[in-house]
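The values are calculated or read from the model by the stated rules, or taken from the named source; none is laboratory data. It should be emphasised that the depicted structure is a prediction, and the values quoted were computed from it without experimental measurement. Counting neighbours? That spans all protein chains shown, and the Cβs are built from the backbone with ideal geometry, glycine included. Calculation scope for accessible area: heavy atoms of the full protein, side chains included, ligands and nucleic acids excluded. Shrake-Rupley method; radii C 1.70, N 1.55, O 1.52, S 1.80 Å.
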Amino acid sequence: MKWMSFIQNEEEKYGVVDETQTKVWDMIQIAKDKQVDCPANIQELIEGGEESLQLIRELLIWGELKDAEKYLIPFEKVNWLSPLPKPRKNIMCVGKNYRDHAIEMGSEADIPKHLMVFTKAPTTVTSHDHVINAHAQITSELDYEGELAIIIGKKGLKISRDEAFDYIFGYTILNDVTARDLQARHKQFFIGKSLDTSCPIGPWIVHKDELKNPHNLNIRTKVNGEIRQESNTEHFIFPIDEIISVISAGMTLEPGDIIATGTPAGVGKGFKPPRYLKSGDDIEIEIEGIGKLNNIVK
């Protein structure tokens, strides 16, 4: 299943993307009409575990038999939201997890031997089809970073690598938008990574059962139709199971936690001269098996 959040008629909803990936099943309306309680949003769905997933499966069958035309909403009639519009915690991000990106940001000496992790504030989150603020008054070096993101499915501490995938709910696409000049000026990542709208996430969450091997996914970023980043998650320095194990070694992971896994080479700062984002730029990030995340800078 693919899960998306959206607004329709000023009401915040969520649903399951149909097979054509042009419509969404309105789970809130189906549950109302069937007169049953269901999770109010994707966060609650994740927290509900297998019991919630089974309920959704049953509601989908009922909705399709009852009145599919009523419950299927075309994408053009919704206002997109991030799948998790209001994360409860900072978004965790892995730095320099592709060898070629580490080199383009410095040299081979910058290839990390241990996991690098920084965070972005929850207020950075925006969605597919929404604008990224250029923040021209405070930065002239806004950059893109296309990434695969993990959505944690259940609470865990000291998670072993062998058990790591049991703690995943699904995967999505994330653009770790970064103000490089602020990052350099403040000698750390948080401010340069935490401007409002600097974390587009979406267009939906793909349940882990649909991605049998997240370590073999093509990833591509285009700016105004030009390919800037093109790689595969097989090139991770630190694989997903190691990321989860290291982060959870002394910190509890919880349902709905978001972990970005790092970006490949081809970011704006890596070009000579650098090619930073400007107002009007159209960014498209595509990950095999998930879809496309699109945003325009203004």
Quiz item: List, please: which pairs have Cβ atoms under 6 Å, are six or more places apart or on different chains, and start with a residue in the stretch 135-164 that is closer than 24 Å to Pro264 by Cα and end with one that is open to solvent by less than 80 Å² (accessible area, probe 1.4 Å) and of a type in the set (Lys, Arg)?
Solution: Glu141/Arg180; Asp143/Arg180
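So which residues in the stretch 93-129 are charged (D, E, K, R) and in a strand (DSSP E or B), if there are any at all? So that I can check it myself, show each step before the final result.
Our first condition is that a residue be charged (D, E, K, R); within the stretch 93-129, this holds for 96, 99-100, 104, 108, 110, 113, 120, 129.
If the condition is that a residue be charged (D, E, K, R) and in a strand (DSSP E or B), then Lys120 is the only one that fits.
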Practice problem: Return the pairs, sorted by first residue and then second, in which the second residue is among the hydroxyl-bearing types (Ser, Thr, Tyr) and open to solvent by less than 30 Å² (accessible area, probe 1.4 Å), the first residue lies in the stretch 59-84 and is in contact (Cβ under 8 Å) with a residue 40 or more places away in the chain and closer than 15 Å to Trp3 by Cβ, the beta carbons are less than 7 Å apart, and the residues are 6+ apart or on different chains. | Solution: Trp80/Ser127; Leu81/Ser5; Leu81/Ser127; Ser82/Ser5; Ser82/Thr126; Ser82/Ser127; Pro83/Ser5; Pro83/Thr172
Quiz prompt | Any chance Pro274 is closer than 16 Å to Thr172 by Cα, outside any strand (DSSP E or B) and modelled with pLDDT of 95 or more | solution = no
Quiz item: Of everything in the stretch 191-217 that's touching a Ser or Thr at 6+ places or on another chain (Cβ under 7 Å) and open to solvent by 30 Å² or more (accessible area, probe 1.4 Å), which residue is farthest from Lys86 (Cα to Cα)?
Solution: Asn216
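Evaluate the stretch 233-241: report whether one residue or more is over 26 Å from Lys292 (Cβ atoms) and either at pLDDT 95 or above or part of a strand (DSSP E or B) (or both).
Filtering the stretch 233-241 down to residues over 26 Å from Lys292 (Cβ atoms) leaves 241.
Pick out the ones that are also either at pLDDT 95 or above or part of a strand (DSSP E or B) (or both) and you get 241.
Yes: the stretch 233-241 contains one or more residues that are over 26 Å from Lys292 (Cβ atoms) and either at pLDDT 95 or above or part of a strand (DSSP E or B) (or both).
Among the residues of the stretch 160-171, are any modelled with pLDDT of 95 or more, in a loop (DSSP other than H, G, I, E, B), crowded, with 16+ Cβ neighbours inside 10 Å and under 15 Å from the mean Cα position of the chain (by Cα)? Give the derivation first.
Going through the stretch 160-171, the residues modelled with pLDDT of 95 or more turn out to be 160-171.
Right, trim to in a loop (DSSP other than H, G, I, E, B) and you get 160.
Those still in the list that are crowded, with 16+ Cβ neighbours inside 10 Å too: none.
Checked against the condition, which is being modelled with pLDDT of 95 or more, in a loop (DSSP other than H, G, I, E, B), crowded, with 16+ Cβ neighbours inside 10 Å and under 15 Å from the mean Cα position of the chain (by Cα), the stretch 160-171 yields no hits at all.
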Self-check item: Scan of the stretch 215-233 for residues that are closer than 25 Å to Lys154 by Cα and out of contact with any helix residue (DSSP H, G or I) (no Cβ under 6 Å at 6 or more places or on another chain), ordered by number
Solution: Thr233
Self-check item: Which listed residue is in contact with a Gly (Cβ under 9 Å, 6 or more places away or on another chain), outside any strand (DSSP E or B) and more than 17 Å from Val117 (Cα to Cα), from Asp209, Asp196
Solution: Asp209
Quiz prompt | Residue pairs meeting the criteria (Cβ under 9 Å; at least 6 apart or on separate chains; first open to solvent by less than 60 Å² (accessible area, probe 1.4 Å), in the stretch 86-113; second acidic (Asp, Glu) and modelled with pLDDT under 95) | solution = Lys96/Asp110; Ala102/Glu108; Ala102/Asp110; Ile103/Asp110
Practice problem: Please work out which residue is farthest from the chain's Cα centre (by Cα), limiting yourself to the stretch 218-238 and to residues that are touching a residue at least 60 places away in the same chain (Cβ under 8 Å) and surrounded by fewer than 18 Cβ atoms within 10 Å (Cβ to Cβ). | Solution: His235
